[in-house]
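Each remark here refers to the structure printed beneath this line.
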Amino acid sequence: MATSLLRASGFRNLWLAQTASLLGTQVTLLALPLAALLLLDASPLEIGLLSAVEFLPILLVGLPAGVWIERFRRLPVLILTDVGRAVALLAVPVAAWLDLLSMPLMYAVAFAIGLGTLFFDVAQLSYLPELVRDDRLVDANGKLELSRSMAQLAGPSAGGFLVQAFTAPVAILVDAVSYLISAVFLVFARAERTVEPEPAERPGLRGEIAEGMRFVFAHPLLRPLILCAAIAELAFAAVLALLVVYAADELRLGPGAIGVALAVGNVGGLLGALLAGPLSRRIGDGAAFIVSIALFSGGAILLPLSTGAVALSGGLFVVYVGAVIFNVLQVSLCQIVTPARLLGRMNSVFRFVTWGMVPLGAAGGGLLVAPAGLRGVFWIAAVLTVLSMLPPLFSPVRRLRQDRPAGEPHENPQPTHTGEVA
């Protein structure tokens, strides 16, 4: 029987670091806009811009981020981005206590958080194969996704309590401390041997970005996965942007019922993280991918069919189960088939394309409300999620067994990692 991943100090400390930072991040998702609202009397437009600014780094440096990360060792990047996000967040309570808080400062903090999160996520996804063997990546990514789902379940309520009991600046201070705790754990998240940046001659920033794009979009497994993820992300961005309005105006649900429905959805994410590994081992990765897409598509269809809280909660639950299974399998497969020298660029291309769909989907959903109605927008999103199954369904992804299709050589002839977890 394989030894538990949590007995390997490198992965265990990475997992603890992510758990600490994700919990704090979920607190800030509520506390930062509340600080702007309560302390600065921000308008709805200013609150919306505050959320949008956090995605701006994806559009500005999403692709170069992967190139830059490949030029450095991953672990110092992870530690520095945690420290940087902590310092940025500390500016809010300090400025509030000095009576210097302003919306420009809040925008700057949101941008810094988004920039740090971009570099952290790309570096973490690129570092994990140094800590974990290929055949344990699904298990490892499942545990990391489990932490994300738990943070999404517990974080907002903890944030609301902290804001109500101790004010928004104190809640943001808690998040800053969580990033510092994460950095401390990361100091001990060392692989036995690390993949050093390659000293080979480089074709320049544009050439390296182009090489990463060509690798992803020419790869028979990665291309259908990124197309599927982009279409689904576009659809879900519209759904999430309008979910509260849909529940309140169309379904006539109160705040309590809406909160319960969101919590039930996050429980589905927990279940998806637990099911991803056993499902892929039981039926193979290819079938598991198709099942996961069928699940989140089925859940998306339930949303416009909803007439009350129970159906809405059930739809969100199924959506999150399928989406998290897909995420775990997709990240793991991408790490397995990508050479170490391209891991940063591959991850940044996926982040740029999929996260870039979020503002497009949210804006598009809002524009479609007038001609199609809220329920109509949800039907459009459901159709898109069903269509997202087509790229994997008509590709080698469907024939995957465990790590790769039968008879296909591993795409990474040299090791992508050097440390092993038994």
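The values are calculated or read from the model by the stated rules, or taken from the named source; none is laboratory data. Model, not experiment: these values are computed from the prediction. Every residue, glycine among them, receives a Cβ derived from its backbone with ideal geometry; neighbour counts consider all protein chains shown.
Condition check: outside the structural domain of Arg281 (by TED's automatic domain parsing), assigned to a helix (DSSP H, G or I), under 22 Å from Thr354 (Cβ atoms) and touching a His at 6+ places or on another chain (Cβ under 6 Å). Does Pro129 satisfy that?
On the way: outside the structural domain of Arg281 (by TED's automatic domain parsing): yes; assigned to a helix (DSSP H, G or I): yes; under 22 Å from Thr354 (Cβ atoms): yes; touching a His at 6+ places or on another chain (Cβ under 6 Å): yes.
For Pro129, the condition - outside the structural domain of Arg281 (by TED's automatic domain parsing), assigned to a helix (DSSP H, G or I), under 22 Å from Thr354 (Cβ atoms) and touching a His at 6+ places or on another chain (Cβ under 6 Å) - is met.
If you check Ala248 against the conditions, is it in a helix (DSSP H, G or I), of a type outside the set (S, T, N, Q), modelled with pLDDT under 90 and touching an Asp or Glu at 6+ places or on another chain (Cβ under 9 Å)?
Taking the combined requirement at face value, the residue does not satisfy it.
Since Val67 meets every condition but one in (1) modelled with pLDDT under 90; (2) under 16 Å from the mean Cα position of the chain (by Cα), which condition does it not meet?
Status for Val67: all satisfied but (2).
Just one of Leu234, Leu227, Leu240 is modelled with pLDDT under 85, of a type outside the set (D, E, K, R), within 27 Å of Trp355 (Cβ to Cβ) and outside the structural domain of Ala123 (by TED's automatic domain parsing); which is it? Before the answer, list the steps.
On the way: Leu234 fails: modelled with pLDDT under 85; Leu227 fails: modelled with pLDDT under 85.
The unique qualifying residue is Leu240.
Out of all the residues in segment 252-266, is one or more at pLDDT 90 or above and either within 18 Å of the chain's Cα centre (by Cα) or of a type outside the set (Asp, Glu) (or both)? Outline the logic, then answer.
Of all residues in segment 252-266, those at pLDDT 90 or above come to none.
Looking through segment 252-266, none of the residues is at pLDDT 90 or above and either within 18 Å of the chain's Cα centre (by Cα) or of a type outside the set (Asp, Glu) (or both).
Spot the failing condition for Pro203; the list is (1) buried (at least 18 other Cβ atoms within 10 Å of the Cβ); (2) at pLDDT below 80, and only one is missed.
Against the list (1) buried (at least 18 other Cβ atoms within 10 Å of the Cβ); (2) at pLDDT below 80, Pro203 comes up short only on (1).
Considering only segment 299-313, how many residues are in a helix (DSSP H, G or I) and either in contact with an Asp or Glu (Cβ under 6 Å, 6 or more places away or on another chain) or within 18 Å of Val386 (Cβ to Cβ) (or both)?
Let us first name the residues in segment 299-313 that are in a helix (DSSP H, G or I), namely 299-305, 309-313.
Filter again for either in contact with an Asp or Glu (Cβ under 6 Å, 6 or more places away or on another chain) or within 18 Å of Val386 (Cβ to Cβ) (or both), leaving 299-305.
Looking only at that region, the number is 7.
Can you pull out every residue in segment 314-357 that is surrounded by fewer than 24 Cβ atoms within 10 Å (Cβ to Cβ) and either among the hydroxyl-bearing types (Ser, Thr, Tyr) or not in a helix (DSSP H, G or I) (or both)?
Pro339, Thr354
Do the conditions hold for Leu56, that is, is it on the phi < 0 side of the Ramachandran plot, under 19 Å from the mean Cα position of the chain (by Cα) and surrounded by fewer than 20 Cβ atoms within 10 Å (Cβ to Cβ)?
Here the answer is yes, as Leu56 does meet what is asked.
Identify all residues within segment 206-245 that are in a loop (DSSP other than H, G, I, E, B) and either of a type in the set (A, V, I, L, M) or surrounded by 15 or more Cβ atoms within 10 Å (Cβ to Cβ) (or both); write none if there are none.
Scanning segment 206-245 gives His219, Leu221.
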